[in-house]
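Written below as structure tokens is the structure these notes are about.
Just so it is clear, none of the values below were taken in a lab; they were calculated from the coordinates. Keep in mind it's a predicted model, so treat the numbers as computed, not measured. All Cβ positions, glycine included, derive from the backbone under ideal geometry; neighbour counts span all protein chains shown.
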Amino acid sequence: MNTSGLLLRTTAVAVGLLFLSPLLYGIWISFQTANRFFSGNGEMTLQNYVDAVEKMNFLRYLFNSLIVSGGVTILSLATSIMAAYAFSRFEFRGRDLIFGLVVATLMIPGHITLIPNYLNFARVGLLDTYAGLILPAVANGFATFFLRQYFRGIPRSLDEAAWMDGANAWKVLYRVIIPMSKPAIYAMGLFIFLGEWNSYVWPLIATDSPDMLTLQIGLARLYKMDAQEGLVNWPLVMAAATLTMLPVLLGFALVERHLVRGISMGAIK
Amino acid sequence: MLVRFTPYAMVLPIVVFILAFTYWPILVSFDLSFRHWDFMSSEKPFVGLLNYSELVRSDEFWNSATITLIFTVISVPLRLALAIAIARYLTTESKTVRALRGAFFLPAVTSSVAIAVIWSWIFSTDAGVANTLLNNLGIAKVPWLQTPSLALWVIIIVNTWKQLGYDIVIYVAGLQAIPEDLYEAAKMDGGKRWHTFRRVTFPLVMPTTYFLLIVSVIESFQIFTIVDVMTQGGPAISTDMMVNMLYRTGFALFDVGKGSALAVLLFVFLVVLTVLKSRILGKRVHYEH
């Protein structure tokens with residue numbers, strides 16, 4: 001490598017590390033004993049993670065977050081794929097209006113639905129349940145819009161060949177459209193999963209019992225309770241925070257390009 | 001024959017979801033905003049515009065409206081200026097540059113709660129890095145999050161750090177769409193770097209700036225999570241954003257009517273901004289790759 005290339009690379013690494021230093025430092029703290037953290041002496045440890053999981057219920061929160069994010073992802077993809085297929089391939093009365101209503105949900109600020117959804121879910125007894133956490137997050141205007149664009153790019157001759165072979169609309173979707181769109185569907189699914197994983201306001205309102213909290217709410221509670229007492233066990237809180245960030249940190253390297261492209265497409269639409 | 005109904009069957013599930021959990025709740029919010037209710041009693045008497053008039057006559061409302069506005073007016077230009085300044089160096093498609101863009105983008109997809117907790121530690125009075133650094137310069141400990149005049153700045157810093165990567169990625173896409181020969185032409189004219197930026201880059205990237213400006217204003221008015229974790233609107237309601245006030249009014253004080261009235265006011269304001277956005281952006285030229 002030539003000198004300027006090396007210089008560029010070194011600068012880039014330095015800038016990137018500096019920018020991410022709060023995050024990296026926080027993760028580093030999570031491996032310290034309280035003793036080392038406060039006095040500078042002592043050892044590195046995994047005990048904070050053990051404590052977070054065993055004493056603080058974080059394994060349960062992790063499980064809840066997986067169920068909720070997984071459930072939202074599957075249902076969002078299913079409803080969006082079906083709708084996107086219909087919007088991209090069929091002429092039917094009211095199509096543009098319905099499409100408009102679905103996409104408009106993208107622009108509706110979420111806070112307006114909080115009180116009514118809380119009331120409705122309380123009335124039917126769905127607060128503090130997985131269904132209560134999942135259902136309001138299912139409809140995804142962005143996924144529908146994005147997949148419709150993608151499906152439009154698939155040559156119609158492929159559908160028509162399948163129709164000729166006697167397939168019906170559902171079979172065309174299942175045998176042609178979905179297999180042709182796998183990369184887009186995976187990217188979208190991951191996008192939805194991470195978005196729901198980080199979701200905060202609705203789970204904050206819709207859960208209360210310690211067994212139903214998601215990671216975000218569990219972490220916020222742990223920190224807020226400690227902070228109120230004026231004594232935060234920072235290494236333990238950082239271990240909980242690291243657990244909370246885990247899927248993003250793991251998945252990010254894998255799919256950063258998809259994510260970035262998805263975001264830019266959202267802007268350009 | 002059945003084919004006629006198939007598309008309806010396919011859009012039905014998502015339509016049920018958007019009606020049940022988005023559109024119906026909007027109507028309910030409007031209705032509740034004209035009523036008096038505490039979540040408990042069996043009666044929800046109609047009180048007309050009382051909730052609204054109480055709201056606009058309360059200091060609490062104007063406090064959080066002002067603070068949300070100050071937050072927005074400071075953090076949006078700050079984000080955009082930083083983003084365009086950084087994005088200019090990140091438009092090439094080498095491995096190194098892509099990795100650096102990724103590093104900037106990471107906080108934007110990371111949990112707001114985790115980020116808020118990490119920064120709470122950094123700005124904590126006794127154990128925080130910020131005070132340790134100041135200490136090395138001989139400056140006494142600053143209680144960042146316990147001081148009304150400072151807490152809002154901390155929120156602005158944390159939010160900027162989190163959102164910056166998104167702005168950068170959008171600016172990079174905008175900058176990459178500018179044809180190379182325009183830069184060449186500016187160079188031939190003997191343009192200095194600042195001159196080129198002001199005369200070529202900045203005007204051409206204006207549609208992106210408009211887009212980000214409106215999107216980040218809309219998003220700034222809805223800030224909640226970072227504030228809820230770091231300060232809960234305090235100290236002395238110095239960081240009490242509108243959604244934080246909404247949450248408190250509805251879910252801590254159980255004033256459903258006033259909470260709904262606040263939700264409706266914010267909703268109408270944001271919808272107007274959104275319509276404005278599509279008006280402005282509807283006219284711009286797109287470059288797609």
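Which three extents, in angstrom, do the Cα atoms of the protein assembly as shown have along their principal axes, listed largest first?
For the protein assembly as shown, the Cα extents along the three principal axes come out at 80, 76, 49 Å.
Going by C-beta contacts inside 10 Å, put B:Arg4, A:Arg95 in order with the fewest on the left.
Ascending Cβ contact count within 10 Å gives the list B:Arg4, A:Arg95.
Among A:Ala253, A:Asn117, A:Leu106, whose Cα sits farthest toward the positive end of the charge dipole of region A:47-268 (+1 at Cβ of Lys/Arg, -1 at Cβ of Asp/Glu, about the Cα centre)?
Farthest along the dipole direction, towards plus: A:Leu106.
Ignoring everything except DSSP H segments at least 4 long, calculate the 222 nm mean residue ellipticity for chain A; use -39,500 (n - 2.57) per segment, divide by total residues, nearest 500.
Helices in chain A give a 222 nm mean residue ellipticity of -23000 deg cm²/dmol.
Would you mind ranking B:Glu93, B:Glu219 so that the residue whose beta carbon has the fewest other beta carbons within 10 Å leads the list?
Ranking B:Glu93, B:Glu219 by Cβ neighbours within 10 Å, fewest first, gives B:Glu93, B:Glu219.
Of B:Ser33, B:Gly48, B:Asn63, whose Cα points farthest to the positive end of the dipole of chain B (charges on the beta-carbon: +1 Lys, Arg; -1 Asp, Glu; origin at the Cα centre)?
It is B:Asn63, whose Cα lies furthest towards the positive end.
If I model a spin label at B:Val268 and A:Ser21 as a point 7 Å from the Cα along the Cα→Cβ vector, what separation in nanometres do I get?
For B:Val268 paired with A:Ser21, the spin-label model returns 4.8 nm.
Calculate the length of the line joining the C-alpha centroid of region B:230-276 to that of region B:36-75, in whole Å.
Rounded to whole Å, the Cα centres lie 7 Å apart.
Which listed residue (B:Thr91, A:Met238, A:Val53) has the Cα farthest towards the positive end of the charge dipole for the protein assembly as shown, taking +1 on Lys and Arg C-beta and -1 on Asp and Glu C-beta about the Cα centre?
B:Thr91
Using just the Cα positions, wrap chain A in a convex hull and report its mean projected area in square nanometres, one decimal place.
21.1 nm²
Given the pairs B:Lys95/B:Lys192; B:Lys44/B:Lys277; A:Lys224/B:Lys141; A:Lys55/B:Lys162; B:Lys95/B:Lys277; B:Lys192/B:Lys277, which span a C-alpha to C-alpha distance of over 27 angstrom in this model?
B:Lys95/B:Lys192; B:Lys44/B:Lys277; A:Lys55/B:Lys162; B:Lys95/B:Lys277; B:Lys192/B:Lys277
What does the charge add up to near B:Arg248, with Lys and Arg as +1, Asp and Glu as -1, over the other residues with Cβ less than 12 Å from its Cβ?
Net of charged neighbours comes to -3.
Charges only on Cβ, +1 for Lys and Arg, -1 for Asp and Glu: so what's the dipole of chain A about the Cα centre, in debye to the nearest 20?
840 debye
How big is chain B in terms of Cα radius of gyration and Dmax, in angstroms?
Radius of gyration, then largest Cα-Cα span, for chain B: 23.6, 83 Å.
What is the spin-label model distance, in nm, from A:Trp163 to A:Leu249 if the labels are put 7 Å beyond Cα along the C-beta direction?
Reported label-point gap for A:Trp163 and A:Leu249 is 5.2 nm.
How much net charge surrounds B:Leu55 when only the other residues with a Cβ under 13 Å from the Cβ of B:Leu55 are counted, with Lys and Arg +1 and Asp and Glu -1?
So the environment of B:Leu55 carries a net charge of -2.
So what is the 222 nm mean residue ellipticity for chain B from helices alone, if each DSSP H run of at least 4 adds -39500 (n - 2.57) and you divide by all residues, rounding to the nearest 500 deg cm²/dmol?
After summing the helix terms and dividing by residue count, I get -20000 deg cm²/dmol.
Just want to confirm a number: the relative contact order over region A:47-268, from Cα pairs under 8 angstrom separated by 6+ residues, in percent.
Answer for region A:47-268 is 34 percent.
Mind checking the dipole of region A:23-130: about its Cα centre, +1 per Lys or Arg Cβ, -1 per Asp or Glu Cβ, Debye to the nearest 20?
My answer is approximately 260 debye.
Based on other C-beta atoms within 10 Å, arrange A:Leu222, A:Leu66 from fewest to most.
The order, fewest Cβ neighbours first, is A:Leu66, A:Leu222.
Explain nothing, just the number: dipole magnitude of chain B about its Cα centre with +1 on each Lys and Arg Cβ and -1 on each Asp and Glu Cβ, in debye rounded to the nearest 20.
840 debye
Who wins for biggest fluctuation among B:Leu266, B:Leu164, B:Leu253 in a Gaussian network model of chain B, springs between alpha carbons below 10 Å?
B:Leu253
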